[in-house]
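Before any comments, here is the structure.
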Ligand SMILES: [Zn+2]
């Protein structure tokens, strides 16, 4: 989601989310609108727009390392790996 003075573009929410008074999850500096905001299971993170691709690049690098460490397969937890798969 993009923060700012305009209501959220998510249909029906009508909420205005601001990054003012928050800190960037990546660099730790104060954020202003517009910023990127994600809500997760334990809270929200805010990111400066230039910091967003920096985080994604590092996340992709970590995922590639995880793939290599798991022998070329992504190391999903066994109980999640088969969710949605057709019964065998
Ligand atoms: Zn930042």
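Quick look at the numbers
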| quantity | calculated |
| --- | --- |
| Filtered residue count, region 35-46, keeping only those that are assigned to a loop (DSSP other than H, G, I, E, B) and within 13 Å of the ligand (Cβ to nearest atom) | 1 |
| Residue satisfying condition, being assigned to a loop (DSSP other than H, G, I, E, B) and either away from the ligand (no atom under 16 Å from the Cβ) or at pLDDT 95 or above (or both), within set 53, 49 | 49 |
| Residues of region 28-46 classified as loosely packed, with under 14 Cβ neighbours inside 10 Å and closer than 18 Å to residue 58 by Cβ, total | 4 |
| Residue identified as more than 15 Å from the ligand (Cβ to nearest atom), at pLDDT below 90, in contact with a strand residue (DSSP E or B) (Cβ under 8 Å, 6 or more places away or on another chain) and outside any strand (DSSP E or B) among 17, 10 | 17 |
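The values are calculated or read from the model by the stated rules, or taken from the named source; none is laboratory data. Values in this document were obtained by computation on a predicted structure and should not be read as measured data. With ideal geometry, Cβ positions are generated from the backbone for all residues, glycine too; neighbour counts draw on all protein chains shown.
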